[in-house]
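Visitor: Encoded as structure tokens, here's the structure I'll be asking about.
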Amino acid sequence: GGGLTIATLLYIREHQLPQPLAAFCLSPWLDLGATSPEIDAYQQHDPFIDKKSIEIWGKQYAGDDLKNPLASPLYAQLHDLAPMLVQVGTSEILLFENRTFYEKAKAEHIDFTYHEYPNMIHVFQTFAGFLPQADKAIKEIGTFILNRSARYQASNKEET
């Protein structure tokens, strides 16, 4: 879902449609080809996803065009996208592509908030109510959206 959210923002930009107020992504899958060199050594830390599965799913989704930015947002130019929040756990195989994406976002100077949650797994936020880290992440999402809404409302008041 997180990778698809970013791909949707890219599609919206390409078709010159208005970007949403903000977007948040939970552990986005950004590289369908699983090309990060750290994956092989790190996959033992992820209890749910392994490299072989990523390779199979990537081909099922995108065929041979695994570097198409609409399938693998890691390869996209990130200018003119909605403000984004990305959360990822440090015990998931997608960690390294998310770190690369974060570095790319910084280099392209986009409005991008990135948080790694230590020892958390893929989409750990689904455990809200059971894991304090998940509760914290959900609150962070709420704060992010509220802050973007407040900025939007303030800028609209200035224009009127």
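The values are calculated or read from the model by the stated rules, or taken from the named source; none is laboratory data. Given the structure is predicted, the values throughout are model-derived calculations rather than measurements. When we count neighbours, we look across all protein chains shown, and the Cβ atoms used for this are built from the backbone with ideal geometry, even at glycine.
Visitor: What are the pairs, 6+ residues apart or on separate chains, where a residue within segment 136-160 that is at pLDDT 80 or above has its Cβ under 7 Å from a residue that is among the hydroxyl-bearing types (Ser, Thr, Tyr)?
Guide: Between residues of segment 136-160 that are at pLDDT 80 or above and residues that are among the hydroxyl-bearing types (Ser, Thr, Tyr), the close pairs are ALA137/TYR117; PHE144/THR113.
Visitor: Given the options HIS115, HIS122, name the one that is in a loop (DSSP other than H, G, I, E, B) and touching a strand residue (DSSP E or B) at 6+ places or on another chain (Cβ under 7 Å).
Guide: Answer to the selection: HIS122.
Visitor: Next up: May I ask you to list the residues in segment 44-78 that are of a type outside the set (Lys, Arg), in contact (Cβ under 8 Å) with a residue 12 or more places away in the chain, farther than 22 Å from ILE141 by Cα and outside any helix (DSSP H, G or I)?
Guide: ASP46, PRO47, PHE48, ILE49, ASP50, LEU66, PRO69, LEU70, ALA71, SER72, ALA76, GLN77
Visitor: Please pick out the residue among ILE54, ILE93 that is at pLDDT below 95 and touching a helix residue (DSSP H, G or I) at 6+ places or on another chain (Cβ under 7 Å).
Guide: Within the list ILE54, ILE93, the selection yields ILE93.
Visitor: Okay, moving on. Please find, among PHE124, PHE48, PHE112, the residue that is within 18 Å of THR8 (Cβ to Cβ) and among the aromatic types (Phe, Trp, Tyr).
Guide: PHE112
Visitor: Give just the number: which of (1) closer than 17 Å to SER27 by Cα; (2) under 17 Å from the mean Cα position of the chain (by Cα); (3) buried (at least 18 other Cβ atoms within 10 Å of the Cβ); (4) of a type outside the set (Lys, Arg) does TYR102 not satisfy?
Guide: (3)
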